[in-house]
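Quick notes on the structure that follows.
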Amino acid sequence: MASEIKVDTISEKTSAAGVTIDSVLIKDGNVDGVDVSAITQGITGYDSWYLSANVTADADITANLARQSGTLVTKLGTGMTESSGVFTFPTTGLWKVSTKIYSVNIAGDTVLCFIVASDDNFSSEANVGLAKFGSGASSSPTGGTGYAEVLLDIEDVSTDKVKFKAVSISSGSYISGGTYPDTSTFNFVRIGDT
């Protein structure tokens with residue numbers, strides 16, 4: 001027979017004893033002598049988007065962004081909101097933001113994709129991450145993957161936002177978009193409290 005006990009606080013019988021559960025001693029932020037006082041509730045948000053069409057020119061990526069979907073593919077929590085390429089976080093917290101771009105480059109080209117952050121709803125902005133592929137010295141067309149990630153402290157969901165910007169795309173080069181999963185992606189993971 002299953003039982004459930006719900007309480008707000010479990011107190012120690014004596015101040016020096018701690019509490020033992022299934023032979024594990026929990027005492028003053030330590031579990032069997034390991035400090036766990038900084039551990040919060042863990043990952044509570046995850047969302048992943050992809051680029052559904054190629055980006056062929058330098059500009060903010062404002063269109064052709066879609067949430068990943070498919071067999072067993074899901075998000076954790078509410079998920080991000082996207083409008084004209086600007087992503088709004090569902091909750092405050094420490095968020096890992098990353099991008100993986102696949103680019104096809106003409107000879108001598110290097111393709112860049114910046115992670116761009118703002119703490120004032122894009123009245124101002126800063127490049128905080130850079131995914132890059134290519135070599136300005138290449139003598140033949142190339143194709144490959146660039147990756148970037150950054151940890152952002154989102155304190156206000158109405159003002160703290162991100163977007164992605166394509167830079168240094170010469171005529172004939174592009175950041176690849178298409179059908180997930182064979183495309184460029186944008187990922188958001190909430191890893192803890194702010």
If we ask which residues in region 103-125 are of a type in the set (A, V, I, L, M) and under 15 Å from A148 (Cα atoms), their number turns out to be 5
Would you point out which residue out of T91, T194 is farther than 19 Å from A63 by Cα, in contact with a Leu (Cβ under 9 Å, 6 or more places away or on another chain) and not in a strand (DSSP E or B)?
T194
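Results for (1) part of a loop (DSSP other than H, G, I, E, B); (2) at pLDDT 90 or above, shown as yes or no for each residue.
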residue: S103; (1), (2): no, no
residue: S138; (1), (2): yes, no
residue: G143; (1), (2): no, no
residue: A148; (1), (2): no, yes
residue: D156; (1), (2): yes, yes
residue: V162; (1), (2): no, yes
residue: I169; (1), (2): yes, no
Restricting the search to region 142-159, which residues are touching a Leu at 6+ places or on another chain (Cβ under 7 Å) and open to solvent by less than 40 Å² (accessible area, probe 1.4 Å)?
A148
Of residues in region 35-76 being open to solvent by 30 Å² or more (accessible area, probe 1.4 Å) and charged (D, E, K, R), the one modelled with the lowest pLDDT:
D35
With the structure loaded, tell me whether N121 is open to solvent by 30 Å² or more (accessible area, probe 1.4 Å), part of a strand (DSSP E or B) and without any contact (Cβ under 8 Å) to a residue 60 or more places away in the chain or whether it fails that test.
no
Only one of T159, T179, T145 is without any contact (Cβ under 8 Å) to a residue 60 or more places away in the chain and over 30 Å from T92 (Cβ atoms); which?
T145
So D109, is it of a type in the set (D, E, K, R), open to solvent by less than 50 Å² (accessible area, probe 1.4 Å), in contact with a strand residue (DSSP E or B) (Cβ under 9 Å, 6 or more places away or on another chain) and closer than 19 Å to A166 by Cβ:
yes
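The values are calculated or read from the model by the stated rules, or taken from the named source; none is laboratory data. Worth saying up front: this structure is predicted, and the values here are computed from it rather than measured. Neighbour counts run over all protein chains shown; Cβ positions are idealised from the backbone, glycine included. Side chains included, ligands, DNA and RNA excluded: accessible areas come from the protein's heavy atoms. Shrake-Rupley method; radii C 1.70, N 1.55, O 1.52, S 1.80 Å.
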